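Structure record follows, encoded as structure tokens.
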Amino acid sequence: MFRYEYPEFNNKHLLKIDMLEQLRDYPKQCMQLLFQGQGNGIVNGCELTWNDNRFIINSGVIHWNGNLYFLEKPYTLECRPEDQQRYLVVKFLKEMKHSDKISGETRIYLRKEPVRTQDEMELCRFRLQEGSRLRSVYKDFRDYSTEYDTINTILAPFWSSSGSTISPVILMQFAMEMMQTEMEDSFDTSFVMNVLANDGRTSRKAVEQYLMIKENKQYNSADSLALYQGLLHVLSNRKSHGNRGQEQGLMGKRIMLM
């Protein structure tokens, strides 16, 4: 049967061991059940910024193999221009058991090699040139893949209920730019509204299915870069089609005026 139970502390009542065990176990059991079978990746926060030769990872939460890892305060690394591809990587260390606690720790690296093992996760990649600033503000959807002097989060995994997915911010940008075109396909409208309704937190499967229909090719098990490139192609075609329609409309207006 379904039930719940938690301890109640009253004045002059004995403090029992099982009461303390309930306080210890209940939060962890809740998190494990809520996140059971769900994707690894960023749950919330972890925004990235760069300032004065320092990389800043802002506070946030990552779900990894059934556990939640909290970054309570911004984490800073020195980051000077080197004009070569570099990667910001989180490595999840083996769980440690102490006499009074169990802890899960991570290490954060700024290095020249991409993710190499299953216990690592990429936060971003970039190539910062001498005399330039590393930016995290983007002009449009295409700008997220700019190679130089831009924080690229396309391959960073984000948590969703059905597995790791592409950045909600990137998906929201796609949806907003699609909304600015003349969407004639009801399938486009359905996908875009789904993205907007979920604040960009859209499952990888939904993105794959959308692209397989739009692009008429397989996207099963595609990495996030392939998904991004597919979305970029769809958006570019939509904008091109929309511009042609606008030009034809203007020409029609000119003819009517004449």
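Identify, please: which residue in the range 83-108 is surrounded by 15 or more Cβ atoms within 10 Å (Cβ to Cβ) and hydroxyl-bearing (Ser, Thr, Tyr) and is, among those, nearest to residue 69 (Cα to Cα)?
The qualifying residue nearest to residue 69 (Cα to Cα) is 106.
Does any residue of the range 104-118 turn out to be assigned to a loop (DSSP other than H, G, I, E, B), at pLDDT 95 or above and under 18 Å from residue 45 (Cβ atoms)?
no
Keeping to the range 199-221, report how many residues are in a loop (DSSP other than H, G, I, E, B) and touching a residue at least 24 places away in the same chain (Cβ under 8 Å). Let's see the steps before the verdict.
Of all residues in the range 199-221, those in a loop (DSSP other than H, G, I, E, B) come to 199-203, 216-221.
Going one step further and asking which of them are touching a residue at least 24 places away in the same chain (Cβ under 8 Å), we end up with 199-203.
Qualifying residue count, the range 199-221: 5.
Given (1) surrounded by 13 or more Cβ atoms within 10 Å (Cβ to Cβ); (2) at pLDDT below 95, where does residue 216 come up short, assuming only one miss?
(1)
The values are calculated or read from the model by the stated rules, or taken from the named source; none is laboratory data. For clarity, every value in this text was computed on a predicted model and none was experimentally measured. Cβ atoms come from the backbone with ideal geometry, glycine included; neighbour counts cover every protein chain shown.
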